[in-house]
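Engineer: My questions all concern the structure below.
The values are calculated or read from the model by the stated rules, or taken from the named source; none is laboratory data. Just so it is clear, the model here is predicted, and its values are computed rather than measured. Neighbour counts are summed over all protein chains in view; Cβ atoms, including those assigned to glycine, are modelled from backbone coordinates with ideal geometry. Quick note on the areas: whole protein, heavy atoms, side chains included, nothing else; ligands and nucleic acids left out. Shrake-Rupley method; radii C 1.70, N 1.55, O 1.52, S 1.80 Å.
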Amino acid sequence: VFIIVKKTAEDFAKEQKEISVSEFFEKNKHLLGFDNPTKALMMTVKEAVDNALDACQDAGIVPDITVKIKQSGEDKYVVSVQDNGPGIVKEQIGRIFGKLLYGSKFHKLRQSRGQQGIGISAVVLYSQLTTGNPAKVWSKVESKKKTHYFEMHLNTMKNEPEVIKEEDIDYAVLGESGIKIEITVVGRYRKTIEDYLKQTSIANPFAKINFTSPDGTKITYPRSINELPKEPKIMKPHPYGMEFGTLQRMLHNSSSRTLQSFMTNEFSSVGAQTAKELCKVAKLDANSKPESLDRDAIEKVMNAVQKVKIQRPPLDCLSPIGESELEKSLRKEYPNAEFITTITREPTVYRGFPFMIEAGIVYDEKDIEVDDEKKKGDAIDVLRIANRVPLLYQSGACATIEAVKDVDWKRYGLSQSANSLPTGPVKVVIHMCSVWVPFISESKEAIAPYPDIVKEMKLAIQDAGRNFSRFLSGRRRAGEQKRRVQIFERYANEVANSIAGLTGKQEKEIEKKLLGMIKNRVKIIEKEIEEENNKNGVNNESNKEETKKDEKPKQEKIKEKK
Ligand SMILES: Nc1ncnc2c1ncn2[C@@H]1O[C@H](COP(=O)(O)OP(=O)(O)O)[C@@H](O)[C@H]1O
Ligand SMILES: [Mg+2]
């Protein structure tokens with residue numbers, strides 16, 4: 001016999017309770033990428049390094065980052081990350097590290113590595129959940145002599161920091177300014193951390209990263225360029241990406257006096273002329289007060305946006321790695337690769353957000369030869385990068401992988417079965433930079449495969465692929481020869497030095513002569529290739545067809561054949 005106890009709405013009412021964002025993520029730590037010990041350790045390093053790079057770049061400081069991982073128990077690691085950025089003022093340290101959804105980037109439309117304000121505080125939350133250890137933070141700002149030292153927990157019920165120690169100390173380690181954090185987590189150390197750092201170095205050629213692994217191995221990832229990239233600007237939202245609720249909120253909070261000035265002030269790419277046109281098409285008075293627009297009127301504005309031609313958003317908010325910079329850093333990481341090509345596409349727009357795709361192809365036949373037979377059947381490596389941050393998980397759901405699969409790799413001599421990645425001695429790099437990267441989840445592991453984005457990625461790979469197929473056809477001939485001559489170029493200085501030693505002649509002079517000889521040799525080889533190209537009727541028409549007519553083919557880097 002069942003006795004059914006009836007519950008009333010009032011009973012249920014007593015059970016309702018607010019859930020703090022920290023409690024939510026404590027229970028759902030997998031949503032933030034902490035779903036197993038290996039990933040958790042990786043996320044800890046990644047969030048701290050991403051922040052360090054963001055902070056340095058924003059402050060105009062060339063980053064010097066030190067990462068140390070020490071094992072402190074069977075499955076426990078102490079992670080310390082130090083940067084030479086601007087540091088954090090005392091008053092902010094607590095909330096930055098001890099409050100989820102707190103940060104300086106969320107409300108700005110600006111290309112940065114972090115965006116949600118849930119990076120480093122999530123690490124603190126995970127650390128306290130798995131080890132109970134407090135997070136330690138040292139912060140030195142330029143204007144203060146002393147370093148602020150904090151030890152803290154995160155109060156999950158309140159989603160507020162709980163500082164347990166706070167003092168100003170003398171601490172020479174940080175120099176002029178910077179942050180050092182030390183966090184203990186339950187984790188498992190895998191080489192993927194080194195992959196992440198290596199890829200980070202590729203995507204941030206201006207950064208120097210020093211790493212000490214748990215077994216004491218020290219690795220330095222040097223910079224390959226000495227200057228920071230141009231600073232990415234903040235942009236206002238573009239009308240094309242606007243949603244009803246957002247527009248409604250903006251109208252109601254606006255301090256602009258007329259609808260027309262609201263449009264020109266609060267949106268990018270809307271000048272007086274466009275604003276007037278929008279009002280006209282929406283059949284609304286350009287002088288009406290923004291907060292007076294009702295739902296009907298807002299709907300009319302939304303529709304007008306679809307009909308009126310509006311300039312694309314400004315593009316100075318994007319900071320690509322750059323063709324030559326990306327090539328340099330790939331050369332640095334893959335010094336033995338036979339061929340490397342990189343391209344940067346022109347910026348375009350998805351849902352009102354400007355974005356830009358870069359692609360690179362690395363051909364490294366020896367890398368496969370030295371390895372075992374089995375590896376020959378492995379899919380190619382795809383280095384996925386979003387706003388200069390390498391993505392390491394959830395590749396199956398990522399726009400980048402969709403794009404790579406979509407390309408016909410057979411034309412580049414790789415084998416590929418339907419709807420899968422090709423196999424062969426190739427690495428493909430894809431970088432998307434945008435003021436807002438659409439990640440599939442809070443852990444920012446994969447880029448959502450919006451068709452506009454996938455298409456642009458595919459075009460980027462094909463642009464690079466064009467250079468690649470030229471290399472492939474040319475490489476059996478003079479290409480190899482040319483490469484050998486160019487290798488000699490690297491040692492010209494040493495050779496000159498030795499000859500100078502032997503002959504007593506001027507080293508500079510000898511080096512100049514040597515380089516001249518090399519240059520001539522390269523010219524002759526290039527000419528030979530070109531002649532052969534002409535003989536063979538250059539161009540790869542089938543390749544060209546794949547690109548839209550309005551796509552301007554990229555500068556040819558290597559001359560074409562058949
Ligand atoms: N090493 C650092 N140096 C200076 N500021 C930092 C550093 N780390 C974090 N911050 C600041 O703390 C904020 C919150 O960081 P985080 O929780 O990782 O979120 P997000 O990076 O997504 O904004 C950042 O927006 C930044 O302003
Ligand atoms: Mg962050």
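Engineer: Any residue in the stretch 114-126 that's without any contact (Cβ under 8 Å) to a residue 24 or more places away in the chain: show its pairings with residues that are more than 6 Å from ligand 1 (Cβ to nearest atom) and open to solvent by less than 10 Å² (accessible area, probe 1.4 Å) at Cβ separation under 8 Å, as long as the two are six or more apart or on different chains.
Structural biologist: Once the first residue is without any contact (Cβ under 8 Å) to a residue 24 or more places away in the chain and sits in the stretch 114-126, its partners that are more than 6 Å from ligand 1 (Cβ to nearest atom) and open to solvent by less than 10 Å² (accessible area, probe 1.4 Å) give Gly117/Leu100.
Engineer: Quick one: which residue in Lys136, Lys140 is open to solvent by 40 Å² or more (accessible area, probe 1.4 Å) and either within 14 Å of ligand 1 (Cβ to nearest atom) or farther than 25 Å from Asn387 by Cα (or both)?
Structural biologist: Going through Lys136, Lys140 in turn, the sole match is Lys136.
Engineer: Now, a different point. Considering only residues that are open to solvent by 50 Å² or more (accessible area, probe 1.4 Å), part of a helix (DSSP H, G or I) and under 22 Å from Glu456 (Cβ atoms), which ones fall in the stretch 407-419?
Structural biologist: Arg411
Quick grid of which residues meet (1) assigned to a helix (DSSP H, G or I); (2) among the β-branched types (Val, Ile, Thr); (3) free of Cβ contacts under 8 Å to residues at least 24 places away in the same chain:
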residue	(1), (2), (3)
Phe34	no, no, no
Met43	yes, no, no
Lys46	yes, no, no
Asp50	yes, no, no
Asp54	yes, no, no
Gln57	yes, no, no
Ile61	no, yes, no
Ile65	no, yes, no
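Engineer: Could I ask something else about it? So the check is Cβ under 9 Å with 6+ separation or different chains; which pairs have a first residue in the stretch 287-306 that's over 19 Å from Ala272 (Cα atoms) and polar (S, T, N, Q) and a second one that's in a helix (DSSP H, G or I) and open to solvent by less than 10 Å² (accessible area, probe 1.4 Å)?
Structural biologist: Ser292/Leu251; Ser292/Leu259
Engineer: Looking only at the stretch 82-109, count every residue that is among the charged types (D, E, K, R), more than 7 Å from ligand 1 (Cβ to nearest atom) and in contact with a helix residue (DSSP H, G or I) (Cβ under 9 Å, 6 or more places away or on another chain) and tell me the total.
Structural biologist: 2
Engineer: Check Ile209 against each of (1) assigned to a loop (DSSP other than H, G, I, E, B); (2) within 14 Å of Leu53 (Cα to Cα); (3) hydrophobic (A, V, I, L, M, F, W, C) and name the one condition it does not meet.
Structural biologist: Against the list (1) assigned to a loop (DSSP other than H, G, I, E, B); (2) within 14 Å of Leu53 (Cα to Cα); (3) hydrophobic (A, V, I, L, M, F, W, C), Ile209 comes up short only on (1).
Engineer: Can you list residue pairs whose Cβ atoms sit under 6 Å apart, with the first residue in the stretch 379-398 being part of a helix (DSSP H, G or I) and the second being buried (at least 18 other Cβ atoms within 10 Å of the Cβ)? Count only pairs 6 or more apart in sequence or on different chains.
Structural biologist: Every condition considered, the pairs that remain are Ser395/Ile401; Ala397/Ala446.
Engineer: For residues that are among the hydroxyl-bearing types (Ser, Thr, Tyr) and near ligand 1 (Cβ under 9 Å from one of its atoms), tally how many sit in the stretch 110-132.
Structural biologist: 2
Engineer: Can you list the helices (runs of 4 or more DSSP H) found entirely within the stretch 281-371 that contain at least 1 residues being surrounded by 18 or more Cβ atoms within 10 Å (Cβ to Cβ) and of a type in the set (Ser, Thr, Tyr)?
Structural biologist: The helices (runs of 4 or more DSSP H) meeting that bar are 323-333.
Engineer: Tell me, yes or no, whether the stretch 202-218 has at least one residue that is free of Cβ contacts under 8 Å to residues at least 24 places away in the same chain, hydroxyl-bearing (Ser, Thr, Tyr) and over 17 Å from Cys56 (Cβ atoms).
Structural biologist: yes
Engineer: Only one of (1) crowded, with 19+ Cβ neighbours inside 10 Å; (2) assigned to a strand (DSSP E or B) is not met by Lys165, so which one is it?
Structural biologist: All conditions are met except number (1).
Engineer: Sort out which residues of the stretch 76-115 are aromatic (Phe, Trp, Tyr) and not in a strand (DSSP E or B), and write them in order of number.
Structural biologist: Selection gives Phe97, Tyr102, Phe106.
Engineer: Here's something else I'd like to know. Restricting the stretch 170-199 to residues that are among the β-branched types (Val, Ile, Thr) and not in a helix (DSSP H, G or I), which is nearest to Val62 (Cα to Cα)?
Structural biologist: My answer is Ile179.
Engineer: Tally time: how many residues in the stretch 234-268 are closer than 13 Å to Val308 by Cα and surrounded by fewer than 19 Cβ atoms within 10 Å (Cβ to Cβ)?
Structural biologist: Within the stretch 234-268, residues that are closer than 13 Å to Val308 by Cα and surrounded by fewer than 19 Cβ atoms within 10 Å (Cβ to Cβ) number 1.
Engineer: Next up: Take the residues in the stretch 116-132 that are more than 13 Å from Lys46 (Cβ to Cβ) and open to solvent by less than 10 Å² (accessible area, probe 1.4 Å), then tell me which one is nearest to ligand 2 (Cβ to nearest atom).
Structural biologist: Ser121
Engineer: Now, a different point. So for the stretch 539-554 (the condition being modelled with pLDDT of 55 or more, among the β-branched types (Val, Ile, Thr) and either surrounded by 15 or more Cβ atoms within 10 Å (Cβ to Cβ) or in contact with a helix residue (DSSP H, G or I) (Cβ under 8 Å, 6 or more places away or on another chain) (or both)), does at least one residue qualify?
Structural biologist: no
Engineer: Name the single residue, out of those in the stretch 407-434 being basic (Lys, Arg) and over 21 Å from Leu326 (Cβ atoms), that is modelled with the highest pLDDT.
Structural biologist: Lys410
Engineer: State the number of residues belonging to the stretch 116-125 that are in a loop (DSSP other than H, G, I, E, B), under 22 Å from Thr38 (Cα atoms) and small (Gly, Ala, Ser).
Structural biologist: So the answer is 1.
Engineer: Given the criteria in a helix (DSSP H, G or I), at pLDDT 95 or above and of a type outside the set (Phe, Trp, Tyr), does Val404 qualify?
Structural biologist: Criteria met by Val404.
Engineer: Would you pick out the residues in the stretch 82-108 that are in contact with a Lys or Arg (Cβ under 7 Å, 6 or more places away or on another chain) and either closer than 24 Å to Pro390 by Cβ or within 9 Å of ligand 2 (Cβ to nearest atom) (or both)?
Structural biologist: Gln82
Engineer: For Val67, state whether it is under 18 Å from Arg188 (Cα atoms) and within 10 Å of ligand 1 (Cβ to nearest atom).
Structural biologist: Spelling it out, it is not the case that Val67 is under 18 Å from Arg188 (Cα atoms) and within 10 Å of ligand 1 (Cβ to nearest atom).
Engineer: Being more than 16 Å from ligand 2 (Cβ to nearest atom), under 24 Å from Ser112 (Cβ atoms) and surrounded by fewer than 18 Cβ atoms within 10 Å (Cβ to Cβ): is that true of Gly73 here?
Structural biologist: Answer is no for this residue.
Engineer: Continuing with this model, one more query. Could you tell me whether Ser177 is more than 16 Å from ligand 2 (Cβ to nearest atom) and surrounded by 14 or more Cβ atoms within 10 Å (Cβ to Cβ)?
Structural biologist: Yes; evaluated as a whole, the condition is true for this residue.
Engineer: Exactly one of (1) surrounded by 24 or more Cβ atoms within 10 Å (Cβ to Cβ); (2) within 13 Å of ligand 2 (Cβ to nearest atom); (3) modelled with pLDDT under 95 is unmet by Phe34. Its number?
Structural biologist: Of everything listed in (1) surrounded by 24 or more Cβ atoms within 10 Å (Cβ to Cβ); (2) within 13 Å of ligand 2 (Cβ to nearest atom); (3) modelled with pLDDT under 95, Phe34 misses just condition (2).
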